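Written out below as structure tokens is the structure these notes cover.
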Amino acid sequence: MDAKETGADVKVTSRQISPNVWMAELTGEIDVYTSPKIKEGITELIEKGVYNLIISLEGVRYIDSTGLGVLIGALKKVREHNGTIGIVCNNPQIKKIFSITGLVKIFGIYKDEQEALKSLA
């Protein structure tokens, strides 16, 4: 199975969790092949006026620089509307990527949805 086939299982599901905060749950592997689908899902929310977003990476097994770029791009878009993005992540390997790249300084990284919601609400 090549990378294109393995990436087919990436999913973006979203739901409103408070009057002004939405949750986008990502699952699968986020890489150069699947990032466009992730970007499309997040961009759809932003275009609907969702500017406070919690992105759950709990179902993500892997993320590369392309995936990080999608998250940074989304953050820039919501900040244009005074919004923000919080990341829910328990995977130590993915948390390490955020630390190494310095993204822990621009994204709030939370252990669960409740902690993220308290920070954003």
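Each value in this text was obtained by applying a stated rule to the coordinates, not by laboratory testing. Computed from a prediction, not measured in an experiment: that's the story for all the values here. Note: ideal-geometry Cβ built from the backbone for every residue, glycine included; neighbour counts use all protein chains shown.
Inside the range 15-54, residues that are over 13 Å from the mean Cα position of the chain (by Cα) and among the basic types (K, R) make up a count of 2. Is there any pair with a first residue in the range 100-121 that is on the phi < 0 side of the Ramachandran plot and a second that is in a loop (DSSP other than H, G, I, E, B) and surrounded by 15 or more Cβ atoms within 10 Å (Cβ to Cβ) whose Cβ atoms are under 7 Å apart and which are 6 or more apart or on different chains, and what are they? Qualifying pairs under 7 Å: I109/C89.
On inspection, A116 qualifies as of a type in the set (G, A, S) and out of contact with any Leu (no Cβ under 9 Å at 6 or more places or on another chain). Considering only the range 18-62, state which residues are polar (S, T, N, Q) and surrounded by fewer than 19 Cβ atoms within 10 Å (Cβ to Cβ). Once the filter is applied, which keeps residues that are polar (S, T, N, Q) and surrounded by fewer than 19 Cβ atoms within 10 Å (Cβ to Cβ), the range 18-62 yields S18, N20, T27, T43.
When the range 63-108 is filtered for residues that are within 11 Å of L53 (Cβ to Cβ), among the small types (G, A, S) and touching a Ser or Thr at 6+ places or on another chain (Cβ under 9 Å), the ones remaining, listed by number, are A74, G86.
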